[in-house]
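The values are calculated or read from the model by the stated rules, or taken from the named source; none is laboratory data. Since the model is a prediction, treat every value here as computed from it, not as a measurement. Heads up, the Cβs are rebuilt from the backbone with ideal geometry, glycines too, and the neighbour counts pull from every protein chain shown.
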Amino acid sequence: MTLPHRVALGTKHGKSAAIAPPLGRIGIAVSVPEGLDTDKFGTFTGEVARLGSMLDAARAKARAACKLTGLDVGIGSEGSYGPHPSIPILPLGREVLLLWDRTTGREIVEQVVDDQPRLASRYVADVDDLDDLIAQTDFPRTNLVVSPAGTTDYVKGLKTLPELVAAVGQAIAQSEGRRALVQTDMRANHNPRRMHTIARAAEALAERLSRNCPRCGSHGWGLVEVERGLPCSACGMPTPLVGNEVHGCTACRHSERAARGDGLAAADPRHCPQCNP
Ligand SMILES: [Zn+2]
Ligand SMILES: [Zn+2]
């Protein structure tokens, strides 16, 4: 199996600016089909519920892009932003890229995490309450979305202060509780930090596509799973940290256990359930 020369990218929000360059460096050109409305696969502001998992959404975009372009290989991209699963006061972002080959049904998946995403939302009852949020979000580089509290009447892509102030004033006036919801615009072309994270995912995918399976020789060798239980450096008990990585190939299903990529061989005792319960 050889690397495709051209892939279809299912995107509407300008993500090819982040995804095409890393793929171009390994000889893969990217085609973005005209007329693909990826919002039907789910939006961040929630007018359309996202069906299934992130992978399902990315898969649907990859397949739609193949259908529209006639190409055999498609890439779908999907992000998920919300509270950190173990520290809910912190935000966490995840970006998934899924490459799908129509001729074999094979999928190659890459994902990266952003623990400092530009993600914030706040209810405001007065335009003067905006200052904190603005300070926190690097507005106007990151655009904002405003709606009357409790409605889905979103005004998206706000990128100047006068626009923002007008939209917030109007939303407060329209809302029953006299409050506006102001949130970061998470669409990639309105959120430079998110675009950067997608670029990191594309770099990681390009790297994975450049590595060949030691058994069948196909491209796409890389991390497919982690095993937790890195031993505590003080008492040797297994901790919840990742102990081993499992690298694998989705063409022949071969996999091999490997040490952590960062070389860490023991966990700080603060992660240990025995030493720091
Ligand atoms: Zn293989
Ligand atoms: Zn310990």
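In region 23-36, the residues that are in the same structural domain as residue 204 (by TED's automatic domain parsing) form Cβ pairs under 9 Å with partners that are of a type in the set (D, E, K, R) and in a loop (DSSP other than H, G, I, E, B), at six or more places apart or across chains, as follows: 32/12; 32/15; 36/12. Residue 67 meets all of the listed conditions (1) surrounded by 20 or more Cβ atoms within 10 Å (Cβ to Cβ); (2) modelled with pLDDT of 90 or more but one, namely (1). In this structure, is residue 214 more than 22 Å from the chain's Cα centre (by Cα) and within 16 Å of ligand 1 (Cβ to nearest atom)? When the stated conditions are applied, residue 214 passes them. Those strands (runs of 3 or more DSSP E) of region 195-277 in which at least 1 residues are in contact with a Leu (Cβ under 6 Å, 6 or more places away or on another chain) and either away from ligand 2 (no atom under 16 Å from the Cβ) or closer than 25 Å to residue 18 by Cβ (or both), considering only elements entirely within it, cover 242-248.
In the set (1) more than 16 Å from ligand 2 (Cβ to nearest atom); (2) among the polar types (S, T, N, Q); (3) out of contact with any Asp or Glu (no Cβ under 7 Å at 6 or more places or on another chain), residue 191 fails one condition alone, (3). All told, residue 184 falls short of being at pLDDT 90 or above and either of a type in the set (Asp, Glu) or surrounded by fewer than 16 Cβ atoms within 10 Å (Cβ to Cβ) (or both).
Of the residues that make up region 101-115, is at least one at pLDDT 90 or above, within 30 Å of residue 62 (Cβ to Cβ), acidic (Asp, Glu) and surrounded by fewer than 16 Cβ atoms within 10 Å (Cβ to Cβ)? Yes: one or more hits. When every residue of region 262-272 is checked against the conditions, at least one turns out to be closer than 30 Å to residue 27 by Cβ and surrounded by fewer than 18 Cβ atoms within 10 Å (Cβ to Cβ). Considering region 227-261, the residues that are farther than 26 Å from residue 211 by Cβ, small (Gly, Ala, Ser) and surrounded by 13 or more Cβ atoms within 10 Å (Cβ to Cβ) include one that is farthest from ligand 1 (Cβ to nearest atom), namely 234.
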